[in-house]
1. Could you list the chymotrypsin sites (Phe, Trp or Tyr not before Pro) in the range 28-108 that lie in coil according to DSSP, counting only those with at most 10 other Cβ atoms within 10 Å of their Cβ?
2. Which whole-Hz ³J(HN,Hα) couplings does the range 187-204 yield from phi under the Karplus relation 6.51 cos²θ - 1.76 cosθ + 1.60, θ = phi - 60°, glycine and proline marked x?
3. Show me the chymotrypsin sites (Phe, Trp or Tyr not before Pro) within the range 188-257 that DSSP assigns to loop and that have at most 13 other Cβ atoms within 10 Å of their Cβ.
4. Over the range 226-311, calculate the relative contact order: mean separation of alpha carbon pairs under 8 Å at least 6 apart, over the residue count, as a percent.
5. At most 13 other Cβ atoms within 10 Å and a DSSP loop assignment: could you name the GluC sites (Glu not before Pro) in the range 1-91 that fit?
6. Working out 0.36 nm times the residue gap between residue 95 and residue 278, then minus their Cα-Cα distance, what length gain in nm do you get to one decimal?
7. In Å², what does the accessible area per residue of the chain work out to with a 1.4 Å probe?
8. Which three extents, in angstrom, do the Cα atoms of the range 164-274 have along their principal axes, listed largest first?
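The values are calculated or read from the model by the stated rules, or taken from the named source; none is laboratory data. A quick note: this is a predicted structure, and the numbers were derived from the prediction, not measured. Glycine also receives a Cβ, built like all others from the backbone with ideal geometry; neighbour counts cover every protein chain displayed. Surface accessibility is based on the protein's heavy atoms, side chains included, excluding ligands, DNA and RNA. Shrake-Rupley method; radii C 1.70, N 1.55, O 1.52, S 1.80 Å.
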Amino acid sequence: MDNWILKGAKNLVNELGAVSITSPSQVKVKVSHLLMTDFDKLVFDGTVETNYPRILGRAAVGIVTETGDDCYGLEKGTRVYLNPTRACGECFQCKTGKPKDCSAVLTAGKDFDGFMRDFAVCEYGDVAPLPDSVDDFHALCIETVAIAENIYDKLQLSAGQKVAVVGADFTGNILAQVLQYHKVIPIIIDNSPANLERAKKCGIFFAFSADDDLERNVLDATSGELCSAAVFCASSKLPVSVTTRLVSEGKTVVLGFTSTSDSVIEVRDILRKNITLTGVSTAYDYTDAVINMLVHNAVNTDYFEKKVLTEYDPAELLANPETFKAGRMTILKMII
Ligand SMILES: [Zn+2]
């Protein structure tokens with residue numbers, strides 16, 4: 001039985017819980033696989049605030065077990081991805097019929113109950129059917145791919161331009177692959193040889209250490225022009241100032257994904273180079289587009305180590321840094 005409720009910081013308990021459909025537009029889903037994310041850890045330890053009690057779990061797939069009468073395109077047995085974000089329904093954009101532009105997107109496991117439980121009930125529009133060609137491992141990466149895609153959209157680059165991706169762990173690796181899918185050329189930067197090696201296996205040609213030669217290497221890779229943009233993957237341990245050093249005048253620097261650090265950025269470089277700075281941590285309404293990308297093999301997760309657990313103590317896993325080791329996907333397999 002799984003129904004993991006966070007009662008306070010680091011106070012996670014498994015309690016019996018039952019959910020049932022209450023409207024014809026809802027579906028009931030048996031959660032089958034849940035990816036442990038950095039975000040779950042931040043909510044668990046209280047770094048990211050939530051209202052208790054709260055069920056954790058942001059990245060999950062499952063099987064539809066029951067549908068209301070008005071659920072289109074879904075039937076019992078359909079394998080689905082559970083959307084981790086929802087429009088708030090209360091902001092100006094939501095109230096004027098533009099929920100896609102919601103300014104206060106809600107996130108599973110923080111603003112509403114997440115998926116670390118046997119069954120979830122939600123609106124049928126909040127689940128996405130998965131084609132057979134998108135396996136569960138790729139499906140669990142959908143939101144990361146979606147944020148990467150959102151970053152790509154924000155950058156408005158054209159084919160052949162070069163982008164520095166600072167941080168080559170899970171998020172940086174996926175972002176580099178998404179950029180490459182769009183024919184933008186990533187230059188991935190990390191101090192972990194294993195992360196750089198993995199990036200190369202995933203087809204990333206430029207992969208550099210953040211050492212004394214970095215600027216020279218980037219100048220060589222860009223014919224002396226530096227990068228057209230840079231993205232700092234917030235889980236990276238590198239200084240944010242690496243990003244501003246690697247872009248040319250008037251370009252954009254994105255701070256992307258979920259922050260686990262209190263990194264500081266140097267104002268001097270931003271002003272001197274007239275840099276535009278922007279943050280991207282969510283990607284509401286990208287799910288269908290990303291599933292289509294995955295059908296077309298936009299992202300390869302084969303080189304991530306997958307730890308699939310059938311017996312687990314989520315509290316112990318959330319407290320253990322090994323769970324979130326770079327390049328590892330820790331997955332709870334929840335089907336009984
Ligand atoms: Zn809204």
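1. Passing both the DSSP loop test and the Cβ count: 72.
2. Once rounded to whole Hz, the list reads 10, 8, 10, 7, 9, 9, x, 5, 5, 5, 4, 4, 4, 5, 4, 7, x, 7.
3. Numbers: sites: 205, 206, 208, 232, 257; in loops: 205, 257.
Within the range 188-257, the qualifying chymotrypsin sites (Phe, Trp or Tyr not before Pro) (loop, at most 13 other Cβ atoms within 10 Å) are 205.
4. So the answer I get is 25 percent.
5. Loop-located and lightly packed - 15, 49, 75, 90.
6. 63.3 nm
7. Values: 15140 Å² over 336 residues.
On a per-residue basis, 45 Å².
8. For the range 164-274, the Cα spread along each principal axis is 37, 34, 28 Å.
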